[in-house]
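Student: First, the structure itself, so that you have it in front of you.
Just so it is clear, none of the values below were taken in a lab; they were calculated from the coordinates. In this text, all values refer to a predicted model and were calculated from it rather than measured experimentally. Every residue, glycine as well, gets a Cβ built from its backbone with ideal geometry; the counts of neighbours run over all protein chains shown.
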Amino acid sequence: MSESTLLVFGADPPPRLDRLAGRVRIVHSDEQSLAGLLSTADALLVWDFTSDAVRDAWPGSGSRPGWVHTASAGVDRVLCPEIVASDTVLTNARGVFEQPIAEYVAGLVIAMAKDFPGSWELQRQRRWKHRETMRLAGSRAVVVGSGPIGRAIGRTLAGLGIRVELVGRTERGEDPEFGRVHGSGALHGLLPSADWVVCAAPLTEETRGMFNAATFSRMKPEARFINVGRGPLVVEKDLVDVVLDRTIGGAALDVFESEPLPANSRIWDVPGLLVSPHMSGDTIGWRDALAEQFMDNFDRWAAGEPLLNVVDKRLGYVPVS
C-alpha cells in the first residue's frame, strides 16, 4: 500500500493524518485541480464536505478512486449517478456528529420552551417582565429521520421527559428504544399532536422539500420546527410564511437551501426564527475526531478488511440494521 495515492480534497485547515506518514502518498487538491487528479488516486478523502466539486468532477471516463470517504454524515454533495453506478465504495462520518447534534437540538428546545431569547431581549431593554413558560416533561416530539442522528436526538429529548415519536423511511415495529419507528407515510397523522417537530432526515429525491406548506399546515399553532438535516428538506419560503403568520409557534434552522445564508435573505429578519450557521454538530475537537475516524478506516482499507460506515449509494445513507 506504500505506493497508493490518497487524494485529499479541501485542506483548510488540513486534516491531521500523522499516522499515515510513509504509508501512502498524500496529495491535496482544491476545486480547480480536483478533476485532473481524480484519475491518479486510489482513495479520496472529501475533507471539504460543503462543496459540490466531487459530484461535478466525477462524471466522465477513466480511472477513479475505489474508495471515497466524506467527512460528513450526509452524502448528498458527493453522490452523482456515475458514483452510484460505479464500484467505488462510499463511506461517511457516522459516529462523530450524533450526540453533539442531539445536544444542540435539546438546547434549542429548552431555549424556546423557556423563552431565553425573550429574556435576553428584555434584559437588553432593562425591563422586568414576569412570564410563564412551557413545561417540557409530557410534551410531544416528532423526530423525522431514524438513523443514528435522529435516534440520538430522540434519546436526548426523552431524557427531558418529552414523549418521542420517531419517523423513518419504512415502518419498523418493536423498536428496542422507541417502541416503534413510523414509516414516512405516517408523518402527516403525527404532526397535529406534536409540540416539537425535528427534521434530521437525509437528503434524497424522496425527502427533498418534504417540509412545505402542506406539512406545516398540519402542525398546531404552538408547535416549533427545527431543521438540523439538510436545507433542501425544507421549502424555506413556506416556513417563513407560517412563522410570520404565526401558523406555528416558531422555528430554528441550522441548515439552509443556500449556504452561507445570503446577507439579503429575509430569513435573517423573521421574528421567532432562530438562525445558526450549520454548526450543530461542530464541537471543540471535531476535526481531530473526523481525522481519527478516517485513519481507523484507512487501516482497514490497507489491510483489505471491510470498511466501516459503508453508504448504500442508492438509498443515500448507511442503513441501520
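Student: So how long is each side of the range 1-75 along the principal axes, counting just the alpha-carbon atoms, biggest first, in Å?
Tutor: Computed over the Cα atoms, the extents are 31, 27, 21 Å.
Student: So what's the back-of-envelope 222 nm ellipticity for the chain, counting only DSSP H runs of four-plus at -39500 (n - 2.57) apiece and dividing by all residues, rounded to 500?
Tutor: -7000 deg cm²/dmol
Student: What is the angle, in °, between the Cα long axis of helix 286-302 and the longest principal axis of the Cα atoms in the chain? Nearest 10 is fine, range 0 to 90.
Tutor: Around 40 degrees separate the two axes.
Student: Quick one: which residues, 5 or more positions from His28 or on another chain, have an amide H under 5 Å from its amide H? H modelled 1.01 Å from N in the peptide plane, none for Pro or chain starts.
Tutor: Val8
Student: For the pair Arg218 and Arg163, what calculated FRET efficiency results from E = 1/(1 + (r/R0)^6), where r is the Cβ-Cβ distance and R0 = 22 Å, to the nearest 0.05?
Tutor: My answer for the efficiency is 0.75.
Student: OK, next. How large is the convex hull of the C-alpha atoms of the range 98-275 per residue, in Å³?
Tutor: Cα-based convex hull of the range 98-275, divided per residue, equals 119 Å³.
Student: A follow-up question, please. Order of Ile248, Ile284, Ile226 from fewest to most other C-beta atoms within 10 Å?
Tutor: Arranged by neighbour count, lowest to highest, Ile248, Ile284, Ile226 become Ile284, Ile248, Ile226.
Student: Only loop residues by DSSP count here, and only those with at most 13 other Cβ atoms within 10 Å; note down the trypsin sites (Lys or Arg not before Pro) in the range 239-321 that meet that.
Tutor: Here the sparse-neighbourhood loop sites are Arg246, Arg314.
Student: Return one number: the angle in degrees, 0 to 90 and rounded to the nearest 10, between the long axis of the Cα atoms of helix 98-113 and the longest principal axis of the Cα atoms of the chain.
Tutor: Between helix and principal axis, roughly 20 degrees.
Student: While we're on this one: Which of the listed residues, Phe116, Val78, Trp58, is farthest toward the dipole's positive end in the chain, when Lys, Arg count +1 and Asp, Glu count -1 at the beta-carbon?
Tutor: Phe116
Student: What dipole magnitude, in Debye to the nearest 20, does the chain give about its Cα centre under +1 on Lys/Arg Cβ and -1 on Asp/Glu Cβ? Walk me through the numbers on the way to the answer.
Tutor: Numbers: 34 positive and 41 negative charges, 230 e Å.
In total the dipole reaches around 1100 debye.
Student: Note the angle between two axes, namely the Cα long axis of helix 148-158 and the longest principal axis of the Cα atoms of the chain, as a number of degrees from 0 to 90, rounded to the nearest 10.
Tutor: 30
Student: Out of every Cα pair in the chain, what percent are spaced more than 25 Å from each other? Mind showing how you got there, number by number?
Tutor: On the way: 27484 of 51360 pairs.
Above the 25 Å cut-off, the chain has 54 percent of its Cα pairs.
Student: Can you tell me the order of 147-159, 23-35, 104-116 when each peptide is scored by its average per-residue count of other Cβ atoms within 10 angstrom, highest first?
Tutor: 147-159, 104-116, 23-35
Student: Kindly rank 77-84, 94-101 from highest to lowest mean number of other beta carbons found within 10 Å of each residue.
Tutor: Listed from highest to lowest mean packing, they are 94-101, 77-84.
Student: Right, something else. The range 1-80 to the range 195-222: how many Å between their Cα centroids?
Tutor: 33
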